[in-house]
Amino acid sequence: MMTVKRWIKALLITAGVLAILSSQPPRFASALSCSMILSIEMNYEKYDGVILARLMKATRTEDDPPSVQVRVLQSYKGVTDSRLSIRGLPFWGEPSQEGQNYLFFLNKTEAGWEYPICSPLSPQENMTDWELAFLKGKEIPLTEVSESSGRRVWMITGGALCLFGLLGYGAYRYIRRHEKYL
């Protein structure tokens, strides 16, 4: 038969063990439903676009959604333009370096290309041989987006404004000179 002291001692030991076990973090916790890491084959099937691109600029303002400007080095699925503006910010506090190459998995929306929250992202130097072998042979030709076409439009617009300004000034001078005859 147990004495009262033994009961108290057993109860304190049990309470201590439970306190220690309950203070340990769980072995697996997931805040997002996408915490499971998928293989490159599954990601390739899941997303609309797969590209290897150089990060040119990441912007985050209070008024606009965050976006990333990239120069596409190689497209493996869906993307044909050589320059993209991607909605969403893939770096979530991780340091991102402009000029570094990343493998992006994207979705196509009505607004354009979007980086989903759960989409994987990896720097080019972290890509495995298995990933490189899987993507080999899936390359898509890119359409070069000319930066000079935007400059050309501004030059034509500026030239037209100058021409109309000169014509207007000439008409003004003509009217002023011949005012007494009109």
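Could you tell me whether the range 148-160 includes any residue that is aromatic (Phe, Trp, Tyr) and at pLDDT 90 or above? There is no residue in the range 148-160 that is aromatic (Phe, Trp, Tyr) and at pLDDT 90 or above. For the range 32-59, a residue qualifies if it is out of contact with any strand residue (DSSP E or B) (no Cβ under 8 Å at 6 or more places or on another chain) and part of a loop (DSSP other than H, G, I, E, B), and the qualifying residues are LEU32, SER33, CYS34, SER35, MET36, ILE37, LEU38, SER39. In the set (1) surrounded by 15 or more Cβ atoms within 10 Å (Cβ to Cβ); (2) out of contact with any Phe, Trp or Tyr (no Cβ under 7 Å at 6 or more places or on another chain); (3) at pLDDT below 90, TYR115 fails one condition alone, (2). Applying the selection to the range 72-110, what residues are of a type in the set (Gly, Ala, Ser), modelled with pLDDT of 85 or more and farther than 24 Å from PHE134 by Cα? Within the range 72-110, SER85, GLY99 qualify.
The values are calculated or read from the model by the stated rules, or taken from the named source; none is laboratory data. Just so you know, these numbers come straight off a predicted model, no measurement behind them. So basically every Cβ, Gly included, is an ideal-geometry build from the backbone, and we count neighbours across all protein chains shown.
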